[in-house]
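A short worksheet on the structure shown next.
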Amino acid sequence: MFEGSHIIGLYLRTGRPVQDVSLQIRDAHSMKLRKISTLVISTLCIIIVDATVPGSSSSNEITYTQKRRAQPNTGGALYPQATDTRDLQTGPVIPMPVPSSYNDIGEDASLRDHVGLVWYDRRFYVPSSWQQNKQRIWLRFSSVHYAAQVWVNGKLVTYHEMGHLPFEVEITNVVCEKGSNLLTVVVDNTLLSDTVPQGSIRDTFVGINKVKQEQTYTFDFFNYAGIHRTVFLYSTPQIYIDDVIVNTDIQGLTGFIVYNVTQKGLSDGGSVECLIQILDKNDTQVAAANDCAGLIEIGNANFWWPYLMHPNPGYLYTFRVSLIGIQGETIDTYNQKIGIRTVTWSNTTIFINDKPIYLKGFGMHEDSDLRGKGWDPVLWVKNFNLIRWLGANAFRTSHYPYAEEIYQLADAQGIMIIDECPGADTDVFSEALLTKHKQSLTELIRRDKNHPSVVMWSVSNEPRSANRLADAYFGEIVRHVKTMDLSRPVTIAISQHYAADRAGQHLDVICFNRYNGWYTSTGSLSMITNNVVDEANAWHLKHNKPIIMTEYGADTIAGLHLIPEYVWAEEYQVALMSEHFKAFDKLRQAGFFAGEFIWNFADFKTAQTITRVGGNKKGIFTRSRQPKASAHHLRARYLSLAAADAGTAPPDVSYYVSDNRPTHHEL
């Protein structure tokens, strides 16, 4: 594992990366690697770049390197210097941990609000045993936001555009056999009309003939940037397992696993066999097969159940696949955790293992103090402890895919996920945007297809779906999802009025967001219950599909108390929730209402606006994960709902008050 960090780079006024990075970036200090077959690069180096984006640009600037033809380099005769007519900038050097967002690390607003390129730089060693054993060497980035170029030893090895999703590249032929290697990652956080999510760049004058470029966007969370998740340096054999696809079914007490294993690296005429082993939680083999694709049957199987729906939620088997050579040798092995469960749906109900479910949870964000959207295992173990404490059974990855480790935690704990792609506030429905939107879903489904916790795909949050172009656009998006996965329903979190929306007809489940008592009729509680009931009924009447309310809530300042209830006070948040609970209880008896999700799990950072006090404060927890009064109120409801659906007595979640007996007096 790499430890420590160093940040190096250069300042580019054009914002376009040079062709030969190795000549432009100073050397970083080297650290030794532990000799294990998978290594985690935990720290890199960063340099801020003055990255201006031309107003005519329709895509991220770093993509231009791929498009330009290399020009002859005539060298540089004059040493750079600042004069009356010239400006010289080398850029600040900032230690930068990975994973993290770079925005909140420093004390300078220019770093927090930076638009354009930054350069991460790091030296690393490759264990000699990897090359001696003729292993393939790979770099895998779990998430870089938004677009990235990766250079190894001055050579461009890959480019990826799509924050929140992983990409990898083989670097066997570019790493040094002896000595250190220079890894450089150029990161561009610029969002434009054809990125996912979308944004725009505007020029603001900050002096005579000086223009500053600012990033604008309509979605309500901060555009954190950087290398947000783990960077892996790992090895595989020359012939290696490329992908594992698993689908499951249930008949009675028997579980069925339909699988397909693909491999790469075989030369023409070569062949390998697959050994499939299914291991239970005690690592005892319960089934096996000798084909790379097929059907495995497990009698008296342990099924994957959601939290509070079964005494043993989140049961996982290990699907172990080994590639076997013609002489019986093991070439490559991979272990995939799987859960045996089914997701089905009708025009009124969603089922897990043929039992109806009611989803109760919240929208969330990858967001915390200091780290921004950086993956933080401590934070997320805490989050899951709070989820279980609340009695929730689900959350939505609003509004982008989360770190893969989060899904692994959800798998093991029986927490269901509505998995959302990065398409927030989708608008301007162009062909270029459609192509990237579909690509984001391809990468999302390829990554998350085997997670039993993922029970639904969400292809957008609050798109401008009243636009006439939204009909064909989302029809194409949903068809694209269905070509990859038919085992889960598809939804969108819709904010448009049900009469104007043009996307719902293409979906399997209708999710809607509405802020009665906050953005609509602010401060008024009396109309909430009827409004929610009426709208949910209208959505179901229009589309004859299950309905979920995926967002409602009120901004709340922790510690602000006002009686009678008043906006921003903790009392108002609790009162607003109560009016929604009344509506949900009526809808739970209507037969088509499938779930309730409050917005939001915890307070989070947003762009600076006069409607946000240090960020969005709709969390039932503060950003530091301390409860507001609403958290206790929601816990009482969710635990009561779980008990009601399980047919058990509701738990006592309150502190002791009284035995309700009169005082005894000796006379």
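The values are calculated or read from the model by the stated rules, or taken from the named source; none is laboratory data. Remember, predicted model here, so these are calculated numbers, not experimental data. No Cβ is skipped: glycine too gets one built from the backbone with ideal geometry, and neighbour counts run over all protein chains shown. These accessible areas exclude ligands, DNA and RNA; they are computed on the full protein's heavy atoms, side chains included. Shrake-Rupley method; radii C 1.70, N 1.55, O 1.52, S 1.80 Å.
When a/c reaches 1.5 or more, the comparison of a/b and b/c decides; with that in mind, is the chain rounded, prolate or oblate per its Cα gyration tensor?
oblate
Would you tell me the accessible area of Arg588, worked out with a 1.4 angstrom probe on the heavy atoms of the protein chains, in Å² to the nearest 10?
50
When a/c reaches 1.5 or more, the comparison of a/b and b/c decides; with that in mind, is the range 239-338 rounded, prolate or oblate per its Cα gyration tensor?
prolate
What is the range 380-462 by shape, rounded, prolate or oblate, if you read a ≥ b ≥ c off the alpha carbon gyration tensor as root eigenvalues and call it rounded for a/c under 1.5, prolate for a/b larger than b/c, and oblate otherwise?
Numbers: a/c = 2.98, a/b = 2.03, b/c = 1.47.
Prolate.
Roughly how far apart, in whole Å, are the Cα centres of the range 294-333 and the range 248-271?
Each part reduced to its Cα centre gives a spacing of 11 Å.
At what distance in angstrom do the alpha carbon centres of the range 437-499 and the range 213-235 lie from each other?
Computed from Cα coordinates, the inter-centre distance equals 22 Å.
Accessible surface of Tyr307 in the full protein assembly, 1.4 angstrom probe, to the nearest 10 Å²?
For Tyr307, the solvent-accessible surface is approximately 30 Å².
Picking from Phe205, Phe597, Leu444, whose Cα lies most toward the positive end of the charge dipole for the chain (charges on Cβ: Lys, Arg +1; Asp, Glu -1)?
It is Phe205.
Explain nothing, just the number: dipole magnitude of the range 557-625 about its Cα centre with +1 on each Lys and Arg Cβ and -1 on each Asp and Glu Cβ, in debye rounded to the nearest 20.
Numbers: 9 positive and 7 negative charges, 63 e Å.
Dipole of the range 557-625, to the nearest 20 debye: 300 debye.
Using a 1.4 angstrom probe with every protein chain in place, what is the largest-first accessible-area order of Asp652, Asp427, Asp367?
Numbers: Asp652 125, Asp427 55, Asp367 5 Å².
Descending accessible area places them as Asp652, Asp427, Asp367.
What whole-number value in Å² describes the accessible area per residue of the chain for a 1.4 Å probe?
On the way: 28980 Å² over 667 residues.
Here the per-residue accessible area is 43 Å².
Could you calculate the contour length gain from Asp471 to Thr348, that is, 0.36 nm times the residue separation minus the distance between their Cα atoms, to one decimal place in nm? Don't jump to the answer; show the numbers that get you there.
Working: separation 123, 0.36 × 123 = 44.28 nm, distance 2.30 nm.
Residue separation times 0.36 nm, minus the Cα-Cα distance, leaves 42.0 nm.
Calculate how many DSSP beta bridges within the chain are antiparallel, expressed in % of all such bridges and rounded to the nearest 5.
Numbers: 94 of 124 bridges.
In the chain, approximately 75 percent of DSSP beta bridges are antiparallel ones.
From largest accessible area down, sort Asp291, Asp501; use a 1.4 Å probe on the protein chains. It would help to have the intermediate numbers written out before the result.
Working: Asp291 95, Asp501 10 Å².
Putting Asp291, Asp501 in descending order of accessible area: Asp291, Asp501.
Roughly how many Å² of Trp119 are accessible to a 1.4 Å probe, to the nearest 10?
Counting only protein heavy atoms, the figure is 0 Å².
Quick one: putting +1 on the C-beta of Lys and Arg, -1 on the C-beta of Asp and Glu, what dipole do you get for the range 355-646 around its Cα centre, in Debye to the nearest 20? It would help to have the intermediate numbers written out before the result.
Working: 33 positive and 32 negative charges, 59 e Å.
Computed charge dipole of the range 355-646: roughly 280 debye.
Would you work out what percent of the accessible area of the chain, with all protein chains in place, is carbon or sulfur (probe 1.4 Å)? Spell out each step's value before the answer.
Numbers: 14680 of 28980 Å².
Within the chain, the accessible surface is 51 percent carbon and sulfur.
How big is the charge dipole of the chain about its Cα centre, in debye rounded to the nearest 20, if each Lys and Arg gets +1 on its Cβ and each Asp and Glu gets -1 on its Cβ?
Values: 61 positive and 68 negative charges, 129 e Å.
Around 620 debye, computed over the chain.
Which percentage, to the nearest 5, of the DSSP beta bridges contained in the range 355-646 is antiparallel?
Details: 3 of 33 bridges.
So the antiparallel bridges in the range 355-646 amount to around 10 percent.
For Val657, Val478, write out the residues from largest to smallest accessible area, computed with a 1.4 angstrom probe and no ligands counted. Intermediate results must be reported in sequence, preceding the final value.
Values: Val657 125, Val478 10 Å².
Ranking Val657, Val478 by accessible area, largest first, yields Val657, Val478.
Gap in Å between the Cα centre of the range 648-664 and the Cα centre of the range 141-208?
After rounding, the separation between the Cα centres reads 59 Å.
Using a 7 Å offset from the Cα along the Cα-to-Cβ direction at both Gln81 and Thr216, what is the distance between the two label points in nm, to one decimal?
Here the answer is 4.3 nm between the modelled labels.
Once you put a point 7 Å from the Cα of Asp283 and another 7 Å from the Cα of Gln408, both along the Cβ direction, what distance in nm separates them?
According to this spin-label approximation, the distance is 1.6 nm.
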